Every structure is written in structure tokens, then in C-alpha cells.
Amino acid sequence: MNAVASGAPSVPLEMDDIQSGALHHRPVPYEGWFVFLRVDDRHDGRALLRRLLPAVQGGLPSADPNRGAWAAVALTYQGLRALGVPQESLDSFPLEFRQGMAARADVLGDVGESDPANWEPPFGTGDVHIVLSGLAPDAARLEKALERARAAYQETPGVEVIYQQEVHQLPTGRTSFGFRDGISYPGIEGTGIPGSNPQEAPLKAGEFILGYPDETGNLPPMPQPEILGRNGTYLAVRKLHTKVAAWRRYLRANTASEAEEALLGAKMIGRWPSGAPLALAPDKDDPELGADPSRNNDFLYREDDDRGFKCPATAHVRRVNPRDATIIGAIRLHRIIRRGTSYGPPLPEGVLEDDGADRGLVGVFIGAHLDRQFEFIKSEWVNDGNFIGYSGEKDPVAGHHDGTGSITIPQKPVRRRLQNLPTFVVTRGGEYCFLPGLRALRWLTELED
Amino acid sequence: MTASTEATQSAQPERPGLTDGVASEFLVIAKIKPGHTDALRKVIEAAQAKMDRSGQIEIGTLHTARALIFDNDTRFLFASVFDGSWDTYIDDFAVTVAGENFEKTFTHTEGFPGMKDPKVKEWFVANQVPAGLFTTSYPDLTVKQIWKDQRVNEAFQEVLDTPEFRELLDNPAAAALRATPAFQRLLDEAAG
């Protein structure tokens, strides 16, 4: 099923008004910083935004998608309230955003260890009002992107830095689990940034930016007044702890050789450590393919592998982006921009015992529809498997398993079924944020009373 | 022109209706537009006449559906049972063939904004009549699972009719397999 937008006029994107942090790819390598602030006085909050304005860029920070640096300013619902945004305008935001990520725990599968009751403060407490972030190819450029922003909050009383998180690419260039990431991103009409899969038509801008038609042909529901909503988007920001030792032990315990271990890990992820996709390299890793951006995301599933004998339908990357595979629902209505960034030290190669270190990723998930993009992907694609015919099965790596999970890996003559999966990823906290356009940011600084 | 001023905010209504296990019930009653009853009846009759289940296969979550005109030809009722919560896939549904049929049907009822209108969720909720009792005999099974179970059973029955299988069962080499509890369960089902 493909959604076809019809009837809606094609409107040029006002790229210069859209924060760079909305659409730009994560640089490779990268250094980043997240700062979470509480606003104790609305006038001071507005003053902070006024000082932040010159630090925030619109448009594309660099023609080379791997070399851009930027700072971005996003606000939670509680943050908009703390700034004194009129109630009528607050009420015009979608329910899930108004409730906040913690209140959506049931929808998102944040239960057990990931329950908001176990989150690191200040996540989920209502105290996070402004999320300031910077991302750059190296520490020097990050510092440059952030120095003005730092000065802005340091010289503003009445706003408090309540949490900070540094992120950076691990020396391996891979995630803490040991897999190259940041490979797949959708193309978006009107941005001039091509998607990484040449076989996927660019998505309508309204899937990612408010104020433009989306894949249904409609305009996304937009908060009012228009100046506040237009050119904005939503971010789901999550700090996710990864249990790397448990992951390695699980692979070891369920295989008989190093080669089997590597294959099982790849079957669960959908890619090999190098980034080579199973769809193109079903039997063994192909580092050349993994490192080649012109080929490592150039594939579909239906014609060659609809049943998942190469890349299981149950594998992580295939679940969260099923491409043209046979599933329940319309894939193009559930695309998202993912920007994963690692924190914490890597667990040294070969170590199977947990060293107690906190490591994982800060994931930023971007789209104009929190409910039918981020929340849908979590509830239907990550925490259930009915859409691919494996009802009740969860994402092997990202699902919340609590030791009872099972995963089907198609193979002939008999499928393999993994059982008693533990949880490998624990939510440490997160917030739903609104990333306003630049005019909207200015509008917020000009609120009265 | 810029296409922004008519952007509307969905009210994000609460989801009425009962669920039992994986299944939910969804029943909508709507007033038929004056003079539209015959046209609506034709749409329903045509859908019934050419029922090939392709719509269900495309959707993959629909257990049953019924549509009828009642109350002296003034009101329309649609009732269905499906997997999950109806609004999860409502946007997806709008771009399916079944969604087109919904469009053709509900367009004859009052106030229907159209399947692709963001307010369609609100309209359905406003016209939904939640059940007081809802139960299913297979609360653990989704449509997808039922289809799989049916395919597996059909193949299993064919295997049972295969002489080579009977011979294999009697082969001493199969004794160890036959003795396992899992295979015993299978043989118990094979017995009749």
C-alpha cells in the first residue's frame, strides 16, 4: 500500500525558517551535547530564548551532510506553559505532546525497568522545559556552535540547567552493541537532501515539517497561532541505556561458534557490524559494502526476500523501516528521521561481564506526527509483531522482553525460535519536544505579560 | 498561496468500545442524508455481491464486518470486529481499497467529513455506540494468526493423508521423536 498525496498544492519549503536541527543528518564522526533547562520565571525564559536566537541556525548548515554543525532549541509542553504561551494555543497542541512522554509509557512500552517511575530525574517530572542541543563533526566546531548558547543561559537568572548529557561517536565508529548506525534516512521533498535509499521516493514535507501537505494529502494538525506552528516539528528525545554484556552473553549462549554468533547478531539487527545489510549480504559481513554509502542502503525486500530468509521480518532495522515488505498498513505514513548518538564508554571487545558503566544512546526521533510516526512505530512495529504475522513478538534488540520474549528467525527447513529474551535496551528517560521554526522562536520571545 | 490556514487540530478523543483479548468491537450508527437511502443501499448490495475478500486481505486485521440500513430507512449501522484499536490504523485505512469503500458508503451519511479528512477520527468517535457486552471465542488469536493456523492445519491434514508419512511413523527410527511430549500432542491432534 502506498499513500498517494493528491489535490494538495505543492508549497516550497521555507528552509531558512526551519531549524537546522530538524532535517539535517548526523555528522560522521560526531560530538554532541544536550542541555536540559527549567524555566522558573517566564520573563527570564523569554529572555533566554532571545539570547539564544542568534545561536540557532535555519536551513542547511553545510552542503556536505556529514560535516554540518548546529545548535537547536526545543520546548516541552511544560516549557511552553512556563513561558506563558496562552492557554488557547497550548490546547491546540496534540494530546500526546501535551501529556508528555512519561504519560505515554503504556503506548511506548516503557514498563518494568523502563517505567517512568525508574527514570533518571529530571526526565518525566515536568521540570524539563527547554532542550538545547548541539551536534558537530568535532569538539572544536561543537564548542563554536554552543558557545553563544552557553553564554545565553549562564547569564540568564531564572532559568536553571538541570541535566546535561554529552554524546560522541565511539572510537569504533559503531554503536555500543557494535554496529554501524546512522545509515538510513528518508528523502524529503523540497529539501534538496536525497534519502539514503535511492529506491524510496522522497516523502512529502508535511511528514516532517508543519505547514505543508503530508502523505495523506492533508496538512498535519498544527498548533496555533500559525506563526508558532509553521515550520516546526516534534522530537521524541530518549536516553536509552544499552546492556551490552547481556547482549553478548545472549549471543554466546545461543550459538556454537564465532561465525554463528556473528550471524545471529546480524539476524537480530538486520545488518552486519560493518553496516552491510543482510538483504544484500545474507551469509557473511561485507565491510566494503557496509562502508559504501551509495550501496549500503540501496535495497528493498519484497521481490527478493519477502519472507525474510535473508533479513528476518523480525530484525530491528527491517521492523522500523519495512520498506516495501508485505505488512499491515501503509509504510509511508510511518517514516521518521532517527538521529542516534552514543554516550558512555564502549564495553571493551570480548568482555561478557557488565562493568557497571552507563552507556547507550540518546535517540532523537523527528516527525510532524508523534502519534502516527514515533508512537505507532513503538507500539506496532517495536513492541508487537502482528504487522508482520508474528503477533506478540517484539523487536529483538529494542523491545522490552523481561526474559519471556521470543523471536522467530525464518530459515529452511525449520524456522529458528529464540526464547527467553532479556531486555537489552532500557529507557532512562525522555521528553516530547516541539522544535519551532525561527519566526516561532521570535514570537515566543515577544509574548506579553 | 500557502496551504496552511485550514490546518485543523484533531480533538484526540478518548477511544470508546470494548476489547476482549486482541480483538476490539467497533459499531457506528449514522443518520442517512435525506434522499440518499437508495444510493446507500446500492453501495451495500454491490459490495456484498462482489465480495472477494481482497479488502480483508489488504487490511489484515478485520475479523467480521456488517452493514445495514434500519429505523425505517433513516439510519445506517456498521459493526466490525478487528485486531488492535481501530484508530491505530485509521490513517492507513484511508489509503486502502477498503477505505475507498468506506468513503463510498459513509458519504451518504450526515456530517461525514471524508476518510482523508483529519477530523474523520472525531466523526467516527462521535457516532460510535460502544457495546455493553463483547466477547470472542478466540481472544488470543489475531486474523494473521488464524490465517497461519489454517494454512498449517491444511498442510498437516495433507501430510496425514500421505502414505509415506504413515510408513515413517512406523519406522523404528522415528521412535525417539514419537516419544517426545511435543510430538505426542501432534499425534493426539492427528488421531481425530
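Rule-based calculations on the coordinates, nothing more; no lab input. Fair warning: this is a prediction, and the values are worked out from it, not measured in the lab. Note that we place each Cβ from the backbone using ideal geometry, even for glycine, and neighbour counts take in every protein chain shown.
On the beta carbon distance between B:LEU18 and A:ARG415, with R0 = 41 Å, the FRET formula returns roughly 0.75.
Multiplying the residue separation of B:ASN171 and B:GLU122 by 0.36 nm and removing their Cα-Cα distance gives an extension gain of 11.2 nm.
Under the simplified labelling scheme, the A:GLU120-A:ARG442 pair shows an inter-label distance of 3.7 nm, with each label point 7 Å from Cα along Cα→Cβ. Straight-line cross-link reach from A:LYS267 at under 19 Å between alpha-carbon atoms covers these lysines, not counting any fewer than eight positions away in the same chain: A:LYS243, A:LYS284, A:LYS310, A:LYS394, A:LYS412. Here each label is just a point 7 Å from Cα along the line to Cβ, and for B:ARG75 and A:GLN99 those points are 3.1 nm apart. What does the charge count near A:ARG335 come to, summing +1 for each Lys or Arg and -1 for each Asp or Glu among other residues with Cβ under 9 Å from its Cβ? Net of charged neighbours comes to -2. With 26 Å as the limit on Cα-Cα distance, the pairs of B:LYS33/B:LYS116; B:LYS42/B:LYS148; A:LYS239/B:LYS148 that go past it are B:LYS42/B:LYS148; A:LYS239/B:LYS148. A cut-off under 13 angstrom between Cβ atoms defines the neighbours of B:PHE156, and their net charge, with Lys, Arg +1 and Asp, Glu -1, is -3. Summing charges over neighbours of A:TYR301, with a neighbour being any other residue whose Cβ is under 13 Å away from its Cβ, gives -1 when K and R count +1 and D and E count -1. Report summary: the helix-based calculation at 222 nm, which adds -39500 (n - 2.57) for every DSSP H run with n ≥ 4 and divides by the residues of chain B, gives -12000 deg cm²/dmol.
Converting the Cα gyration tensor eigenvalues of the protein assembly as shown into ellipsoid dimensions via √(5λ) gives semi-axes, longest first, of 42, 36, 21 Å. Pairs of Cα atoms nearer than 8 Å and 6+ residues apart set the relative contact order; for region A:337-449 it is 14 percent. Mean residue ellipticity at 222 nm, helices only, chain A: -5500 deg cm²/dmol; runs of at least 4 DSSP H residues each add -39,500 (n - 2.57), and the sum is divided by the number of residues. The length gained by stretching the chain between B:ASP52 and B:LYS31 to full extension, at 0.36 nm per residue less their Cα-Cα distance, is 4.7 nm. Take each residue of peptide B:81-92, count the partner chain Cβ atoms within 10 Å of its Cβ, and average: the result is 5.
Measuring from a point 7 Å past the Cα of B:ALA190 along Cα-to-C-beta, which residues in region A:401-429 have an amide N at less than 13 Å? The answer is none. Peptide A:224-236 has a mean of 1 when you count, residue by residue, the C-beta atoms of other protein chains within 10 Å of its C-beta. With a ≥ b ≥ c taken as the square roots of the eigenvalues of the C-alpha gyration tensor of region A:288-409, please select rounded if a/c is under 1.5 and otherwise prolate if a/b is larger than b/c or oblate if it is not? Rounded shape, in that the Cα axes give a/c under 1.5. Each residue, A:LEU53 and A:GLU88, gets one label point 7 Å from its Cα in the Cβ direction; the gap between the two is 2.4 nm. Cross-link partners of B:LYS31 among aspartates and glutamates, defined as those whose alpha carbon lies under 14 angstrom from its own and excluding same-chain residues fewer than eight positions apart: B:ASP71, B:ASP73, B:GLU110.
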